[in-house]
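Chemist: Please see the structure below; I have some questions.
Please treat every number below as a calculation from the coordinates, not as lab data. Every value quoted in this text rests on a predicted model; they were computed, and no experiment measured them. Virtual Cβ from ideal backbone geometry, glycine too; neighbours counted across all protein chains shown.
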């Protein structure tokens, strides 16, 4: 089984992620070897196009999106549609742990939107933000390694998405009802019983694949904020902004 930087926190999810990474590689559905990462997948642009047809997308003006490669087409479509994009800083290493990117700001700088949609371009040309500078978010886009039709999800095992959402909910920048969506390859969809959900996990409302959108009608609850028992001790050192919050 593939061992990654974050292996060992949940044996079942470790095994599932390893299986999905190997499957994507063997079926040549991955763009490069995605092991240890949110895997870039064949058809990511088509999946983003299906997402852009949903009401939750068209009604959203402020979109939070993960920084991973398979969601570059999502970030690009958001910028092209005039939406504000908040992208998490990789590994949340900066006190200003989100970067704001808008088409108007990029056009003023002469930066092509395709460049601004990449993590390198966003970090170079976007504006790093403190939480108190951010507006409430209308739609959350997360990266996934595996998902289920009931809205279960797992990322690469680091827990960054859960921390981001927990902090944003603590500050009322994300509501419990804020839609959460992802784009994945169909091979990343597994049975619900293969994907256990923990108290800190936020389920998906929509899954978009190159074949079309899937509404999950998820039965899983969402955490109201940070779930302190799930936070690893070393994360307080590696994620400075966590220390702004007080455990309940």
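Chemist: Please state the relative contact order of the chain as a whole percent: Cα pairs under 8 Å, 6+ residues apart? Show your work: numbers first, answer last.
Modeler: Numbers: 500 pairs, mean separation 52.3, N = 248.
Averaging sequence separation for qualifying contacts and normalising by length gives 21 percent for the chain.
Chemist: Further question: With labels modelled as points extended 7 Å from the Cα through the Cβ direction, what inter-label distance (nm, one decimal) is found for residue 243 paired with residue 31?
Modeler: If labels sit at residue 243 and residue 31, their model points lie 3.8 nm apart.
Chemist: Would you calculate a helix-derived [θ] at 222 nm for the chain, using -39,500 (n - 2.57) for each DSSP H run of n ≥ 4 and dividing by the full residue count, to the nearest 500?
Modeler: On the way: 9 runs with 70 residues, N = 248.
Value at 222 nm, helices only: -7500 deg cm²/dmol.
Chemist: A follow-up question, please. With viscosity set to 0.692 mPa s at 37 °C, what whole-number translational diffusion coefficient in µm²/s follows for segment 93-164 from Stokes-Einstein and a Kirkwood radius over Cα pairs? Spell out each step's value before the answer.
Modeler: Details: Rh = 14.2 Å.
Rounded to a whole number, D works out at 231 µm²/s.
Chemist: Pop the C-beta distance of residue 46 and residue 177 into the FRET formula with R0 = 41 Å and round what comes out to the nearest 0.05. Don't jump to the answer; show the numbers that get you there.
Modeler: Values: r = 28 Å, r/R0 = 0.69.
Given R0 = 41 Å and the Cβ-Cβ separation, E is 0.90.
Chemist: So how many Å³ per residue does the convex hull of the Cα atoms of the chain work out to? The partial results should precede the final answer.
Modeler: Values: hull volume 28.5 nm³, N = 248.
Considering the Cα atoms of the chain, their hull volume per residue is 115 Å³.
Chemist: Could I ask something else about it? Compute a Gaussian network model of the chain, connecting alpha carbons closer than 10 Å, and tell me which residue from 117, 48, 18 fluctuates the most.
Modeler: Largest GNM mean-square fluctuation: 18.
Chemist: Could you order peptides 123-131, 140-148 by the average number of other Cβ atoms within 10 Å of their residues, highest first? All intermediate terms of the calculation are to be shown ahead of the outcome.
Modeler: Values: 123-131: 15.8, 140-148: 24.8.
Final packing ranking: 140-148, 123-131.
Chemist: Can you tell me how much longer the chain between residue 131 and residue 108 gets when fully stretched, taken as 0.36 nm per residue apart minus their C-alpha distance, in nm with one decimal? List each step's numbers first, then the result.
Modeler: Working: separation 23, 0.36 × 23 = 8.28 nm, distance 2.44 nm.
Result for the pair: 5.8 nm of gain on full extension.
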